[in-house]
Amino acid sequence: MTILGLETSCDETSAAVVRGGAILSNIVSSQIALHVPYGGVVPEVASRQHLRIVDQVIAQSLATAGIRAADLDAIAVTRGPGLPSALLVGVAAARGLALRLGLPLMPVHHMEAHLYSTEPCEPPFVALIVSGGHTILAHVPAFGEHRRLGQTLDDAAGEAFDKVAQLLGLPYPGGPEIERQAAKGNPKAFDFPRPMLDSGDWNFSFSGLKTAVRRASSPLLRGTALSEVEGGQPSSIERRASCVVADLSASFQAAVIEVLVQKTCRAARTLRARQIAVSGGVACNRALQRAFEVQCARDAIRLAWAPRALCTDNAGMIAQLAERLFAHGIQPPKDWDIAPDWPLAGG
Ligand code: KG4
Ligand code: ZN
């Protein structure tokens with residue numbers, strides 16, 4: 001099948017063409033620059049930008065794949081979860097296109113698409129999805145069966161990266177910035193808590209860790225904006241502040257990584273799962289990947305990681321999952337609406 005996928009659930013406008021499991025094009029127009037002044041995604045700004053460029057992104061994905069709209073067999077679109085006004089733009093565009101071309105339209109669950117975006121992605125496995133909006137640990141015994149084991153009780157892992165970056169004066173999105181700073185810092189400089197590491201369940205919590213970073217950082221960084229550190233000749237105070245930011249980043253990142261790796265691997269051992277699949281925006285983090293590699297080798301568990309281009313939000317993963325759903329004989333529902341709070345199936 002040749003499928004055009006659309007993704008507009010948050011701040012990326014994306015269209016992709018997939019054929020026979022292969023991604024022929026995966027165009028992602030990120031709105032990050034638009035949201036930077038606000039320190040986070042503003043829903044109305046996001047949906048207006050989706051509306052402005054969705055046509056161009058679709059045209060570009062067809063052109064890059066070298067196909068015409070008439071070559072398509074189906075359209076797929078993110079139905080949820082996500083920002084309602086942002087989802088509406090993608091769904092309206094997809095429905096109009098499907099109607100005009102007389103094609104089936106498959107609504108896709110955004111988190112399921114992340115979950116199956118790893119390579120390889122054949123169940124059974126334990127899945128960790130770590131993004132800006134979600135942190136979910138799930139057991140996937142077979143395709144389409146998702147048993148949610150646990151999730152974050154407060155901030156998502158990516159959200160914690162973003163918020164800690166903000167309080168350290170680093171730009172949005174914070175994940176890549178914290179990773180960059182962490183590479184220069186000492187992960188043992190601050191003894192931050194490992195929240196819920198031994199909670200006896202499979203849930204996570206990152207907001208206390210963020211508070212611990214705030215407590216440790218405010219007396220050390222008071223009066224020193226990082227912008228001063230970056231420009232001109234830094235004074236000795238500024239140089240020390242920049243070391244503190246690197247150490248705080250490294251220590252924070254180490255705490256998040258230890259909790260994610262240890263709980264996920266423990267879940268796999270408990271369930272006797274032989275494979276772990278990690279996906280979502282935070283899976284871009286190379287230190288996280290290395291820590292998983294070490295622990296999985298120790299436990300003789302196979303590690304499936306999402307390719308970098310599929311970690312953050314993209315339509316390639318949406319079209320790929322739609323193709324698998326069609327291959328499993330699943331037909332699109334007749335009457336459906338956007339699902340901003342759609343839980344993971346079987347959760
Ligand atoms: O999956 P995604 O694009 O959006 C959601 O569906 O939420 O994930 C975006 C999140 C942001 O919070 C961003 O800070 C985080 O992924 N992220 C990272 C890294 N790159 C992106 N977190 C840690 N380390 C990174 N290198
Ligand atoms: Zn996502």
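The values are calculated or read from the model by the stated rules, or taken from the named source; none is laboratory data. Model, not experiment: these values are computed from the prediction. Neighbour counts are summed over all protein chains in view; Cβ atoms, including those assigned to glycine, are modelled from backbone coordinates with ideal geometry. The area values use the complete protein model at the heavy-atom level, side chains included, leaving out ligands, DNA and RNA. Shrake-Rupley method; radii C 1.70, N 1.55, O 1.52, S 1.80 Å.
Quick look at the numbers
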read-out	value
Selection from region 308-329 of residues that are open to solvent by 30 Å² or more (accessible area, probe 1.4 Å) and in contact with a helix residue (DSSP H, G or I) (Cβ under 9 Å, 6 or more places away or on another chain)	308, 309, 312, 320
Any hit, region 109-116, residues being within 14 Å of ligand 2 (Cβ to nearest atom), at pLDDT 95 or above, closer than 15 Å to residue 278 by Cβ and aromatic (Phe, Trp, Tyr)	yes
Output for region 253-281, where each listed residue is within 16 Å of ligand 1 (Cβ to nearest atom) and not in a helix (DSSP H, G or I)	277, 278, 279, 280
Failed item, numbered, when residue 301 is tested on (1) more than 16 Å from ligand 2 (Cβ to nearest atom); (2) in contact with a Phe, Trp or Tyr (Cβ under 9 Å, 6 or more places away or on another chain)	(2)
Test: residue 295 is away from ligand 1 (no atom under 16 Å from the Cβ) and modelled with pLDDT of 95 or more	yes
All positions within region 117-137 that are within 18 Å of the chain's Cα centre (by Cα), away from ligand 2 (no atom under 15 Å from the Cβ) and in a strand (DSSP E or B)	119, 126, 137
Unmet criterion (only one of (1) of a type in the set (Gly, Ala, Ser); (2) touching a His at 6+ places or on another chain (Cβ under 6 Å); (3) not in a loop (DSSP other than H, G, I, E, B)) for residue 46	(2)
Matching residues, region 21-36, being closer than 21 Å to residue 326 by Cβ, part of a strand (DSSP E or B) and either within 16 Å of ligand 1 (Cβ to nearest atom) or at pLDDT below 95 (or both)	26
Of the criteria (1) away from ligand 1 (no atom under 14 Å from the Cβ); (2) open to solvent by less than 10 Å² (accessible area, probe 1.4 Å), which one residue 115 fails	(1)
Number of the exception - residue 80 against (1) at negative phi; (2) within 21 Å of the chain's Cα centre (by Cα)	(1)
Subset of region 70-97 that is closer than 18 Å to residue 320 by Cβ and assigned to a helix (DSSP H, G or I) - its residue that is most open to solvent (accessible area, probe 1.4 Å)	71
Among (1) open to solvent by less than 10 Å² (accessible area, probe 1.4 Å); (2) within 16 Å of ligand 1 (Cβ to nearest atom), the one test that residue 41 misses	(1)
Residue match in region 256-270 (condition: surrounded by fewer than 20 Cβ atoms within 10 Å (Cβ to Cβ), touching a residue at least 24 places away in the same chain (Cβ under 8 Å) and under 18 Å from residue 123 (Cβ atoms))	yes
Hits in region 6-20 - residues which are out of contact with any Ser or Thr (no Cβ under 8 Å at 6 or more places or on another chain) and within 16 Å of ligand 1 (Cβ to nearest atom)	10
Test set (1) open to solvent by less than 60 Å² (accessible area, probe 1.4 Å); (2) at pLDDT 95 or above - residue 188 fails condition number	(1)
Enumeration of residues in region 134-151 that are within 12 Å of ligand 1 (Cβ to nearest atom) and buried (at least 23 other Cβ atoms within 10 Å of the Cβ)	135, 136
Every residue from region 7-29 that is open to solvent by 20 Å² or more (accessible area, probe 1.4 Å), within 16 Å of ligand 2 (Cβ to nearest atom) and in contact (Cβ under 8 Å) with a residue 40 or more places away in the chain	10, 12, 26, 28
